[in-house]
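Asker: A single structure is presented below for examination.
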Amino acid sequence: MGLAEAVGLPFTVKRIHPRAPWKFLPPLVWPSPLASLGPSSDPILPPWPRLLIATGRLSVPISMAVRRHSSGRTFTVQIQNPAVSPKHFNLVIPPRHDRLRGSNVVPSRGALHRVTADRLAEAAKEFAPMVAHLPRPLVAVLVGGNNGVYKLTTDGTRKLATELKAMADTTGAGLAVTASRRTGSKNKAILRDALADAPAVVWDGTGANPYFGFLGLADAVVATCDSVSMASEAAATGKPVYIIDLEGGSRKFREFHKGLRDDGITRPFKGTLESWTYAPLDDTAQVAALVHQRLNAHAGAR
């Protein structure tokens with residue numbers, strides 16, 4: 001959706017739910033992808049669009065089918081590694097740590113997202129009263145949780161909360177903390193209890209999500225390492241970004257975080273605050289410009 005918004009053309013969101021057994025099988029063996037969608041799916045029907053942006057493993061056979069049914073008129077953009085040959089799409093945007101290459105492959109440094117300067121400014125105005133009583137500098141703390149390769153344990157959460165409180169004590173910073181669904185109720189309770197006496201606001205999960213607001217208001221960002229999207233969105237602010245290590249990891253995550261460190265965007269979290277600058281990570285706008293260029297060339301060629 002972030003890429004669609006950046007491209008700027010009118011768009012419709014389609015959410016798909018393929019039926020078994022197809023959703024468990026590789027994309028190239030689906031005999032009739034459009035007929036594999038279940039009743040809870042949005043329909044994928046003609047007239048075929050000029051542009052199709054798709055992401056996620058289950059979208060791969062659908063994107064391929066739309067390109068085929070449109071006789072190649074639909075320009076297909078596949079975000080993330082499709083795990084099939086890029087030749088099945090007009091443009092593929094994988095993360096650079098996937099090491100996918102091809103003439104129609106344009107790797108991105110981070111995840112494509114919906115963060116823009118205007119969105120951050122609007123959210124900052126909305127949520128400024130929530131953190132107005134906190135001291136400066138204000139640090140946005142983005143806490144993720146368990147996924148396929150990382151674990152956020154209760155002991156790890158207690159350690160994190162202790163380190164955040166110590167940072168606030170030594171630097172005089174205020175903390176604006178938001179957790180994800182993957183954080184878990186126990187870990188959220190640990191954060192709230194441990195930071196109860198600190199200059200901190202810990203979002204309780206009710207009402208509108210202040211995530212963008214905290215990013216817009218913060219002077220620096222601290223984020224756990226488990227989410228490429230979260231780190232990419234933090235890096236889109238141009239503010240100092242600190243990454244907190246969790247238990248686990250994988251080659252792809254390690255290469256992603258190494259790339260951001262090597263680019264001078266992030267630093268490991270060590271309980272202190274420093275100041276540095278970098279060009280905000282703006283892959284989404286750059287990819288949108290490329291989509292316009294190739295979409296127009298595609299239309300001209302037909």
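The values are calculated or read from the model by the stated rules, or taken from the named source; none is laboratory data. Keep in mind it's a predicted model, so treat the numbers as computed, not measured. So basically every Cβ, Gly included, is an ideal-geometry build from the backbone, and we count neighbours across all protein chains shown.
Asker: Inside region 208-291, counting only strands (runs of 3 or more DSSP E) that do not spill past its ends, which hold 2 or more residues that are under 18 Å from the mean Cα position of the chain (by Cα) and not polar (S, T, N, Q)?
Answerer: 220-224, 241-244
Asker: Please state which of the following conditions Ala161 fails to meet, knowing it meets all the rest: (1) under 28 Å from Gly259 (Cα atoms); (2) among the hydrophobic types (A, V, I, L, M, F, W, C); (3) assigned to a helix (DSSP H, G or I); (4) touching a residue at least 40 places away in the same chain (Cβ under 8 Å).
Answerer: Status for Ala161: all satisfied but (4).
Asker: Filter region 164-195 for residues that are in a loop (DSSP other than H, G, I, E, B) and at pLDDT below 95; which is surrounded by the most Cβ atoms within 10 Å (Cβ to Cβ)?
Answerer: Looking at the filtered set, the residue picked out is Ser180.
Asker: If you go through region 130-160 one residue at a time, how many are within 22 Å of Gly213 (Cα to Cα) and touching a Phe, Trp or Tyr at 6+ places or on another chain (Cβ under 7 Å)?
Answerer: So the count comes out to 1.
Asker: Would you point out which residue out of Ile265, Ile243 is β-branched (Val, Ile, Thr), touching a Cys at 6+ places or on another chain (Cβ under 6 Å) and modelled with pLDDT of 95 or more?
Answerer: Only one candidate passes the filter, namely Ile243.
Residue-by-condition table, conditions (1) within 12 Å of Tyr150 (Cβ to Cβ); (2) touching a residue at least 12 places away in the same chain (Cβ under 8 Å); (3) acidic (Asp, Glu); (4) loosely packed, with under 14 Cβ neighbours inside 10 Å:
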position	(1), (2), (3), (4)
Glu233	no, yes, yes, no
Glu247	yes, yes, yes, yes
Phe253	yes, yes, no, no
Lys258	no, no, no, yes
Ile265	no, yes, no, no
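Residue-wise test of (1) hydroxyl-bearing (Ser, Thr, Tyr); (2) modelled with pLDDT of 95 or more; (3) outside the structural domain of Ala208 (by TED's automatic domain parsing); (4) in contact with a Leu (Cβ under 9 Å, 6 or more places away or on another chain).
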site	(1), (2), (3), (4)
Ala121	no, yes, no, no
Lys125	no, yes, no, no
Ala128	no, yes, no, yes
Val131	no, yes, no, yes
Pro135	no, yes, no, no
Gly144	no, yes, no, yes
Tyr150	yes, yes, no, yes
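Asker: Next question. When you go through Leu51, Leu91, Leu58, Leu28 one by one, which is the residue that is in contact with a helix residue (DSSP H, G or I) (Cβ under 9 Å, 6 or more places away or on another chain), hydrophobic (A, V, I, L, M, F, W, C) and under 16 Å from Val106 (Cα atoms)?
Answerer: Every option except Leu91 fails the conditions.
Asker: Could you look through region 46-100, keep only residues that are of a type in the set (Lys, Arg) and in contact with a strand residue (DSSP E or B) (Cβ under 7 Å, 6 or more places away or on another chain), and pick out the one that is surrounded by the most Cβ atoms within 10 Å (Cβ to Cβ)?
Answerer: Ranking the qualifying residues of region 46-100, first place goes to Arg67.
Asker: If you scan region 124-158, which residues turn out to be more than 25 Å from Gly184 (Cα to Cα) and in a helix (DSSP H, G or I)?
Answerer: Within region 124-158, Ala124, Lys125, Glu126, Ala128, Pro129 meet the criteria.
Asker: Still on this structure: How many of the residues in region 129-150 are surrounded by 13 or more Cβ atoms within 10 Å (Cβ to Cβ) and within 23 Å of the chain's Cα centre (by Cα)?
Answerer: The qualifying residues number 12.
Asker: For Thr183, are the conditions met, namely being within 16 Å of Tyr242 (Cβ to Cβ) and touching a residue at least 24 places away in the same chain (Cβ under 8 Å)?
Answerer: Criteria not met by Thr183.
Asker: Same structure again: For Pro39, indicate whether it is more than 19 Å from Ser85 (Cα to Cα), surrounded by fewer than 20 Cβ atoms within 10 Å (Cβ to Cβ) and assigned by TED's automatic domain parsing to the domain that holds Ser85.
Answerer: Yes; evaluated as a whole, the condition is true for this residue.
Asker: Next question, about the same structure. Report whether or not Thr224 is touching a residue at least 12 places away in the same chain (Cβ under 8 Å), among the β-branched types (Val, Ile, Thr) and under 19 Å from Gly271 (Cα atoms).
Answerer: In short, yes.
Asker: Follow-up. Ala65 - would you say it is touching a helix residue (DSSP H, G or I) at 6+ places or on another chain (Cβ under 8 Å) and at pLDDT below 95?
Answerer: For Ala65, the condition - touching a helix residue (DSSP H, G or I) at 6+ places or on another chain (Cβ under 8 Å) and at pLDDT below 95 - is not met.
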